[in-house]
Amino acid sequence: MNYKTTVHFDFVKHRNKFFLASGILVLVGILSILFFNLNYGVDFKAGTNMDISVGETITKEQAQEVLDATITKEAIVTVGGTSNSHASLRFDEVLDQADTKKLEAAFAAKFGDQVSAEVNVVSPDMAQELGIKTIYAVIIASLAIMLYVMIRFEWRFALAANIAILYDAFVVVAVFSIFQLEVDLPFIAAVLTTIGYSINDKIVIFDRIRENQRFSKNKTFDQLSEMVNQSLWQTMARNVYTVLAVLIIATCLFLFGNESIKLFALAKMIGLASGAYSSVCIASPLWMLLKSKEKVKAKPAKTAV
């Protein structure tokens, strides 16, 4: 069986450029988190979130006007939903029940009896607990994936895959930090989903690399490099089509979805793009470098008769 295929671009040859670009992005992300931190939503800091449906078109200015005339608390006001009939008020402090009732009554007085409100309150203890559980979730998911890849393949595949998927998760976090986009529970769901999609791409490529190892004589670094390149291009179409299918759906959610899921969709788009990139430009070349350092056992010399 011949594993050869057409190589349109030598990814392995340019691996240092990819590593450098990825390293710069990681450094920028780390600096952004250190200096600007993340823009935590109500889910990760104490506060109150009021989602108010008025049943008709409402502007941000109208919602802000009702807020200013009712209570003295400051809030971030956004408007969205079908025909912009939904207003979201996010407070950085926990409102008491009297204030939320006043706001609901004020919106009802202005827009009618069809007004309904959903109030979500997060206490400081709950916000801290959610943050800790989120960190645990990412760590446990990463360790489980690494263990799975080690069982199915070998430790080099597992190490390369884990470095790449952690890079994908960090890219999403870094972009949200750089542009100060809100981080909430749907964002965490997007990051964990990104890890799942990312490892799928890498498993497909690693499975082909393992298969092609049977038919290649990887005695030199160049031969190993050629085999990895062949494997990448043999799986390229499948990976591109898979990522594009999900990316199109995520883009539609971002463009046409409700305001509450736009950032989730954006995080998914960033994660999918990063996962496709890291599978080809980081995970595979990294495995090749680890594999190239493997010591080949010398064959025992034949004894003379």
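The values are calculated or read from the model by the stated rules, or taken from the named source; none is laboratory data. Just so you know, these numbers come straight off a predicted model, no measurement behind them. Methodologically, a virtual Cβ is constructed for each residue, glycine included, from the backbone with ideal geometry; neighbour enumeration extends over all protein chains shown.
Hey, any hits in segment 159-181 for a residue that's surrounded by fewer than 22 Cβ atoms within 10 Å (Cβ to Cβ), without any contact (Cβ under 8 Å) to a residue 24 or more places away in the chain and under 30 Å from residue 92 (Cβ atoms)? Yes: segment 159-181 contains one or more residues that are surrounded by fewer than 22 Cβ atoms within 10 Å (Cβ to Cβ), without any contact (Cβ under 8 Å) to a residue 24 or more places away in the chain and under 30 Å from residue 92 (Cβ atoms). Being farther than 19 Å from residue 69 by Cα and not small (Gly, Ala, Ser) is a description that applies to residue 119. Checked against the criteria, residue 153 counts as assigned by TED's automatic domain parsing to the domain that holds residue 262, in contact with a Lys or Arg (Cβ under 7 Å, 6 or more places away or on another chain) and among the aromatic types (Phe, Trp, Tyr).
Considering only segment 110-130, state which residues are exposed (fewer than 12 other Cβ atoms within 10 Å of the Cβ) and part of a helix (DSSP H, G or I). Break it down stepwise before answering.
The first filter runs over segment 110-130 and keeps only residues exposed (fewer than 12 other Cβ atoms within 10 Å of the Cβ), leaving 112-114, 118, 123-125.
Within segment 110-130, 124, 125 qualify.
Pick from segment 45-94 the residues that are β-branched (Val, Ile, Thr) and assigned to a loop (DSSP other than H, G, I, E, B): which of them is farthest from residue 124 (Cα to Cα)? Here the residue is 57.
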